[in-house]
Amino acid sequence: MQNVLNGIKKFLMNKNTVTILGVLAAIAVLYIGYNWRVKQAIDPQKVPYAKVEIASRTLITADMVGYTTVSKDMLKNNPNIIRNSGLVVGKYVSYGTTIPENSLFYAQSLMTEEEMPDSAFANIPDDYTIYSLNVDLHTTYGNSIYPGNYIDLYVKLINDNQEVVFGKLIESIEVLAVKDSEGNHVFETTVESRTPSELLFAVPNEMYRLLMQAGYIGYSLEIIPVPRNASYSANPGETRESSEYIKNFILSKTVILPEDTNTNTQKTN
C-alpha cells in the first residue's frame, strides 16, 4: 500500500504530469464556461405570436394569439418584443400597421382603446362640436397634414367691392383625424394609398356655427388649411378667431335662426 502511495506521489510531482493536468483543467474550464454561455444565450423563452394576419385597428382576441420559443439573446437585443399574452389580448393593432401571420408582437404595434384615432371623438368637451372641412391632396399639401397637428384656417373671399381678401380666420386648431371619401383614416395603413377628403376638428359651438356659415356662402369664399412647423404643434396656443373683418363678412352674408324653445303652457279657466 505504501508503495502505491509513493508511486502516486511521485507521479503527481512529475513536471510532465503537472503540465498535462494543467492543460486538462484549462480545457475543462473552457468547455464548462463555453457551454454555460451558450445556454445563457439560447435559453428558450416563450413569447406570444400572431396565429393569423391581424389588420390595422383590429381588436386582438385570445384565439389570434399562440406561443412560440425564441432565444434569450434575441429578447435581449429586441426589448420591444412583448413576452406576455396578457399585454396583447384586448389591445388594438395600431393604425398604419398590419401584424403578419406568425409574427411576434412589438410594443409599438399595439394601442389601447383610448389611444386609437377615433377615441378622440369620444372625449369631446361639452359645448363643442365636430367640424368637417372638405379637402383634397392639393389643399393638404400632398398629405402633409396629420392627426394631432395644430394648423391655421385661412379664408380667401371676394368682398362686395369685388376685391379678393385673404386672411387668417382660425388660429391654432387641432386636427383630430384625416379621412378619405369612404370614412377611412388616411394614415392608418401603408399597404394602400388613400386620398384625403376631410379634416376633422372639435371646436366650440359658436366657432362651429361660424365655420358652417362660411361654408354655405359658396364660390365667393374658400376655407384653406395651412400647416405650420413642429414647434407650433408641440406648443399650441389657444384656438381662437383671428379676423373680425372676415367674421363680420361671414355674418353679413348669412342668418342664424334662433333655437326653438318648447314651452308647455296651460290654459287657466
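The values are calculated or read from the model by the stated rules, or taken from the named source; none is laboratory data. Not measured: the values here are computed from a predicted model. Quick reminder, even Gly has a Cβ in these numbers, built from the backbone with ideal geometry, and neighbours come from all protein chains shown.
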Can you find a residue in segment 125-140 that is under 30 Å from residue 63 (Cβ atoms), acidic (Asp, Glu), free of Cβ contacts under 8 Å to residues at least 60 places away in the same chain and out of contact with any Asp or Glu (no Cβ under 7 Å at 6 or more places or on another chain)? no
Those residues of segment 160-185 which are among the β-branched types (Val, Ile, Thr) and part of a loop (DSSP other than H, G, I, E, B) amount to 175
Evaluate the following for residue 67: is it among the aromatic types (Phe, Trp, Tyr), farther than 30 Å from residue 193 by Cβ and modelled with pLDDT of 70 or more?
yes
Within segment 79-116, the residues that are under 11 Å from the mean Cα position of the chain (by Cα) and in a loop (DSSP other than H, G, I, E, B) are 94, 95, 96, 97, 112, 116
Of those in segment 207-239 that are part of a strand (DSSP E or B) and in contact with a Phe, Trp or Tyr (Cβ under 6 Å, 6 or more places away or on another chain), the residue surrounded by the most Cβ atoms within 10 Å (Cβ to Cβ) is 224
Of the candidates 39, 76, 46, the one satisfying the condition of being modelled with pLDDT of 85 or more, among the basic types (Lys, Arg) and not in a loop (DSSP other than H, G, I, E, B) is 46
The condition from (1) aliphatic (A, V, I, L, M); (2) surrounded by 15 or more Cβ atoms within 10 Å (Cβ to Cβ); (3) within 29 Å of residue 184 (Cα to Cα) that residue 59 misses is numbered (2)
*If you check residue 195 against the conditions, is it modelled with pLDDT under 90, polar (S, T, N, Q) and surrounded by fewer than 17 Cβ atoms within 10 Å (Cβ to Cβ)?*
no
